[in-house]
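Student: Before I ask anything, here is the structure I am working with.
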Amino acid sequence: MTRILAVLLVAGLVLAPTAAAKGPHAILEPGSEAAVPGEPWEATIQMYEFRHAERPVFTATRGNRHVTARVRRAPAVMDEARFELSAVFPTAGRWRLRMVSGKRSFSFPAVSVGSGTVMQSHVAFAAGSEAARQGANGVYVMEDGPGSGEPVSVRPPEVVSLWKKDDDDDGGIGLGVWLFPLLGIVIAGAGLATVRRRR
């Protein structure tokens with residue numbers, strides 16, 4: 001009995017970091033055309049693991065100039081919320097991209113307007129979150145899935161500590177929420193079994 005409880009305890013400790021390994025994040029997928037001054041630049045935002053994904057505000061900044069993109073909801077795919085955006089950059093140069101949804105802010109790489117370069121897709125975690133602090137933001141790559149003919153998402157490693165709670169966490173219910181009470185019960189059961197065995 002004690003061995004079984006010990007195995008359950010170890011399994012719980014191994015699964016705990018995995019349960020907290022993700023968090024609300026957004027993926028920016030630019031269209032196939034490079035950004036050109038004075039012409040609409042289009043992209044798609046996909047929002048994952050949001051309890052309530054509010055319509056985002058997407059802005060581009062260059063010096064003291066600001067552009068706010070037109071955003072409209074697109075049909076969702078599986079669980080994520082999707083939005084299509086269109087922005088017109090008045091001048092060439094590097095425009096910093098930022099998205100705000102509710103109380104969360106996400107930073108994306110600058111788009112080089114007028115360079116002829118098509119921006120890569122990018123995944124971003126909320127500014128100040130544990131995932132963002134640990135470098136989980138990065139290029140989002142799509143590769144052909146073996147045999148399926150469908151794209152498979154490949155993201156940068158996500159490493160988040162179970163022991164810290166993000167300031168901007170929305171309290172989503174997951175494995176980590178009920179894992180600690182379960183581990184407490186397992187430990188108490190192991191202690192009780194040991195006491196009974198000694199008697």
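Student: Could you calculate the FRET efficiency of Thr44 with Arg65 from 1/(1 + (r/R0)^6), where r is the beta carbon distance between them and R0 is 22 Å, rounded to 0.05? Spell out each step's value before the answer.
Tutor: Working: r = 24 Å, r/R0 = 1.10.
After rounding, the FRET efficiency stands at 0.35.
Student: Tell me which residues come under 5 Å, amide H to amide H, from Val141 once H is placed; ignore anything under 5 positions away on its chain.
Tutor: Val154
Student: Taking neighbour counts of Cβ atoms within 10 Å as a proxy for exposure, in what order, fewest first, do His122, His66 appear?
Tutor: Values: His122 19, His66 11.
With the sparsest Cβ surroundings first, the list reads His66, His122.
Student: Report the FRET efficiency, 1/(1 + (r/R0)^6), for Ser32 and Gln134, where r is their Cβ-Cβ distance and R0 is 25 Å, rounded to 0.05.
Tutor: That pair, Ser32 with Gln134, gives E of 0.20.
Student: Can you give the net charge of the other residues whose Cβ lies under 9 Å from the Cβ of Gln46, counting K and R as +1 and D and E as -1?
Tutor: My count for the surroundings of Gln46 gives -1.
Student: Fully extended, how many nm does the chain gain between Ala92 and Ile187 (0.36 nm per residue separation, minus their Cα-Cα distance)?
Tutor: That works out to 28.0 nm of additional length.
Student: Sort Ile45, Ile185 so the one with the fewest other Cβ atoms within 10 Å of its own Cβ comes first.
Tutor: On the way: Ile45 25, Ile185 12.
Going from sparsest to densest Cβ surroundings: Ile185, Ile45.
We did not get these values from a lab; they are worked out from the coordinates using the rules stated. Computed from a prediction, not measured in an experiment: that's the story for all the values here. Note that each Cβ is placed from the backbone with ideal geometry, even for glycine, and that neighbours are counted across all protein chains shown.
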